[in-house]
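K.L.:
Pasting a structure here, questions to come.
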Amino acid sequence: MPLYIMQVLSPPISVIQKLEQLLAKYFWGSTDSQKKIHWTRWSNVCYPIEEGELGIRNFRDTVEVFSYKLWWRLRLNDSLCALFTMNKCCRANAPATAKVSPNDSPIWRRLCKVRHVVQNNMFWTLGKGEEEAVYHLFLQNNHSLTTWKFFAGKFNITLPQSSIIPTFIQAWKLNPRHSLKLRDVIPMIILWNIWTSRNDAKHRKKPFNAQVIISKTWYHLQNLCRSNIWKPEHLKGDAFAVGLLKLKIPETQNYQNCKTVYWLKPDPGWVKLNTNGASKGNPGLAGAGGNVREYEGKVIFAFSEPIGLTNNMVAEMHVVLRGLGICLKKGFSKVWLELDALYIIHLISKQVRGAWYIQNMLQHIQYLQQMEVRISHIFREENQAADYFANQALEIDEISIINHDQLEAGSQVLLKWTDFPCHILDSHSISSFSLFATDTGYTVMNQINDLPYRCCGFLWCLFLSDYPFWTVLIE
């Protein structure tokens, strides 16, 4: 039987069972007309001779072994098929951690079933050293020694007269009791780049010289610096060497920037429409909500509408279309549209081109702009009222338009909150945060320790009074 077929195809269990039945019948002398006794299971017959059985090849083990061989050939990466599989299935991921999806090829899914077994039994070794000694490769040949002297000169380090690699590494440590420094990792990077350059020279016919190793090491260090892994505290004692190597360390900020945001009243003769769309799950159950106020800031009406299952973008587009349509129906000709979705604003103003499934809504919105419409962005912290009505839409079955006198008490407080500026405090100068509303009998106090590091998102408090209150926002 041509077993090499099993290296390409993984037979189903039913096929393997049928093959084993045929072999068992032949082995025990059974025919279609006469059946013989099978004195033991076929899987027992396939055990090795050393264990007292006949050592007949097991088809299941054969398929598994061929799967191991396929994974090994993939990791060698020395064939066109291996290169194709690596680029198609692994992309930028390591083969051992690459994900498996139902749409992947049967061969890749077969390989992923056995990779944990093969991977745990694979390891790298330098060999027995007949061709080159380890100390000669890493420390004593001219190119490696030139590389060590180049970086040691930058850090003012005297290299030891030794052929032991750990002794070379120890010479770079400023103080064993100190935390990790930049100089502590340089020996590891040099050793790695010597090894990779040696392999490139031997297997890929690339040049092996000190300039190549130094360049690789420098680029490795520069990439580490750009990744924000290295902070100024890691460079204590090595600032001069960093300057000689021209490494660029990005500046770090100990605190985050804060801004002050306001809800502004519309001009006389205008109304202001604040909208927001909500989708629980994105895509998921979605709702649309908004409110309209006149030039003195008084609420004219608010609305909530369930949309069904959709994503955030469709919900945001739908609520804009619905809000403008209601305003047009109620006879408002000058509308200031304000929402917290900056991408939707770019879509409406034609700065970007959206997906095909929102083009119809975009055309309707453009048509509704026959009214005088002004569009602007507002931060989410000052759009909480519209967000409230959007979330209320998830609990109703049809559109609800609510006049001012029909609003619930909680909605009125939320709408009243946005009448005042949202004062965003300077986070790097605050150690505690307190709110007092003594005239109404309410006192609210929030203590925050070490705010720049422990406060994430935003903190906001509502209380039933006519006084403006403070909101802390950490961007």
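K.L.:
From 91, 75, which residue is open to solvent by 70 Å² or more (accessible area, probe 1.4 Å), free of Cβ contacts under 8 Å to residues at least 40 places away in the same chain and within 47 Å of the chain's Cα centre (by Cα)? Talk me through it step by step, then tell me what you get.
P.N.:
Numbers: 75 fails: free of Cβ contacts under 8 Å to residues at least 40 places away in the same chain.
Result: 91 is the single residue among 91, 75 that is open to solvent by 70 Å² or more (accessible area, probe 1.4 Å), free of Cβ contacts under 8 Å to residues at least 40 places away in the same chain and within 47 Å of the chain's Cα centre (by Cα).
K.L.:
To continue, here is another question. Does residue 297 meet the test of being more than 37 Å from the chain's Cα centre (by Cα) and in contact (Cβ under 8 Å) with a residue 24 or more places away in the chain?
P.N.:
Details: more than 37 Å from the chain's Cα centre (by Cα): yes; in contact (Cβ under 8 Å) with a residue 24 or more places away in the chain: yes.
The answer is yes for residue 297.
K.L.:
Is it true that some residue in region 391-399 is among the acidic types (Asp, Glu), assigned to a loop (DSSP other than H, G, I, E, B) and farther than 14 Å from residue 275 by Cα? Don't jump to the end; show me each part of the working.
P.N.:
From region 391-399, those among the acidic types (Asp, Glu) are 395, 397-398; that's our starting set.
Adding the requirement that they be assigned to a loop (DSSP other than H, G, I, E, B) leaves 397-398.
Still in the list and also farther than 14 Å from residue 275 by Cα: 397-398.
Yes, the conditions are met somewhere in region 391-399.
K.L.:
What helices (runs of 4 or more DSSP H) lie completely within region 1-74 and have 2 or more residues being of a type in the set (Gly, Ala, Ser)? It would help to see each step written out before you state the result.
P.N.:
On the way: elements: 5-8, 13-28, 42-45.
Qualifying helices (runs of 4 or more DSSP H): 13-28.
K.L.:
Moving on to the next point. Among the listed residues 96, 82, identify the single one that is within 27 Å of residue 204 (Cα to Cα), of a type in the set (A, V, I, L, M, F, W, C), part of a helix (DSSP H, G or I) and at pLDDT 80 or above.
P.N.:
Numbers: 96 fails: part of a helix (DSSP H, G or I).
On inspection, the qualifying residue turns out to be 82.
K.L.:
Could you list, in sequence order, the residues of region 14-34 that are surrounded by 10 or more Cβ atoms within 10 Å (Cβ to Cβ) and either in contact (Cβ under 8 Å) with a residue 40 or more places away in the chain or closer than 23 Å to residue 108 by Cβ (or both)?
P.N.:
If the condition is that a residue be surrounded by 10 or more Cβ atoms within 10 Å (Cβ to Cβ) and either in contact (Cβ under 8 Å) with a residue 40 or more places away in the chain or closer than 23 Å to residue 108 by Cβ (or both), then 15, 16, 19 are the ones that fit.
K.L.:
If you scan region 230-263, which residues turn out to be β-branched (Val, Ile, Thr), modelled with pLDDT of 70 or more and out of contact with any Asp or Glu (no Cβ under 6 Å at 6 or more places or on another chain)? Even if it seems obvious, please write down each step before you answer.
P.N.:
In the first step, residues of region 230-263 are kept if they are β-branched (Val, Ile, Thr); the result is 242, 249, 252, 260-261.
Retained after the next criterion (residues that are modelled with pLDDT of 70 or more): 242, 260-261.
If the condition is that a residue be β-branched (Val, Ile, Thr), modelled with pLDDT of 70 or more and out of contact with any Asp or Glu (no Cβ under 6 Å at 6 or more places or on another chain), then 242, 260 are the ones that fit.
K.L.:
Turning to a different aspect of this structure: If you go through region 369-391 one residue at a time, how many are over 31 Å from the mean Cα position of the chain (by Cα) and open to solvent by 20 Å² or more (accessible area, probe 1.4 Å)?
P.N.:
Final tally of qualifying residues: 6.
K.L.:
Still on this structure, I have one more. What is the residue count in region 259-277 for residues that are touching a residue at least 12 places away in the same chain (Cβ under 8 Å) and assigned to a loop (DSSP other than H, G, I, E, B)? Don't jump to the end; show me each part of the working.
P.N.:
Within region 259-277, the first condition is being touching a residue at least 12 places away in the same chain (Cβ under 8 Å), and the residues that meet it are 259-263, 265-277.
From the residues that got through so far, the ones that are assigned to a loop (DSSP other than H, G, I, E, B) too are 259-260, 262-263, 265-270.
Result for region 259-277: 10.
K.L.:
A follow-up question, please. Need pairs with beta-carbon distance below 6 Å; first residue closer than 18 Å to residue 135 by Cα and hydroxyl-bearing (Ser, Thr, Tyr) and within region 178-206, second open to solvent by less than 10 Å² (accessible area, probe 1.4 Å) and at pLDDT 90 or above; sequence gap 6+ or separate chains.
P.N.:
The qualifying pairs are 197/213.
K.L.:
Pairs under 8 Å by beta carbon, first residue over 17 Å from residue 162 (Cα atoms) in region 126-142, partner modelled with pLDDT of 70 or more and in a helix (DSSP H, G or I), six or more apart or different chains?
P.N.:
From residues that are over 17 Å from residue 162 (Cα atoms), the pairs are 126/134.
K.L.:
Would you mention how many residues in region 99-113 are open to solvent by less than 90 Å² (accessible area, probe 1.4 Å) and part of a loop (DSSP other than H, G, I, E, B)?
P.N.:
Here the count works out to 4.
Here's the yes/no breakdown for (1) at pLDDT 85 or above; (2) open to solvent by 30 Å² or more (accessible area, probe 1.4 Å):
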| position | (1), (2) |
| --- | --- |
| 137 | yes, no |
| 146 | yes, yes |
| 151 | yes, no |
| 154 | no, yes |
| 157 | no, no |
| 162 | no, yes |
| 171 | no, yes |
| 177 | no, yes |
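K.L.:
Could you list all residues from region 329-353 that are at pLDDT 80 or above and either small (Gly, Ala, Ser) or at positive phi (or both)? Break it down stepwise before answering.
P.N.:
Our first condition is that a residue be at pLDDT 80 or above; within region 329-353, this holds for 329-349.
Scanning region 329-353 gives 331, 333, 341, 349.
K.L.:
Oh, and also: Which one of these does residue 133 not meet: (1) modelled with pLDDT of 80 or more; (2) under 28 Å from residue 213 (Cα atoms); (3) open to solvent by less than 40 Å² (accessible area, probe 1.4 Å)?
P.N.:
So residue 133 meets the others, but not (1).
K.L.:
Output the residue which, of all residues in region 289-317 that are open to solvent by 40 Å² or more (accessible area, probe 1.4 Å) and part of a helix (DSSP H, G or I), is nearest to residue 356 (Cα to Cα).
P.N.:
Step by step, filter region 289-317, then rank; the result is 313.
The values are calculated or read from the model by the stated rules, or taken from the named source; none is laboratory data. This is a predicted model, so every value here is computed, not measured. Please note: Cβ atoms are built from the backbone with ideal geometry, for glycine as well, and neighbour counts cover all protein chains shown. What goes into the accessible areas is simple: the full protein's heavy atoms, side chains included, and nothing from ligands, DNA or RNA. Shrake-Rupley method; radii C 1.70, N 1.55, O 1.52, S 1.80 Å.
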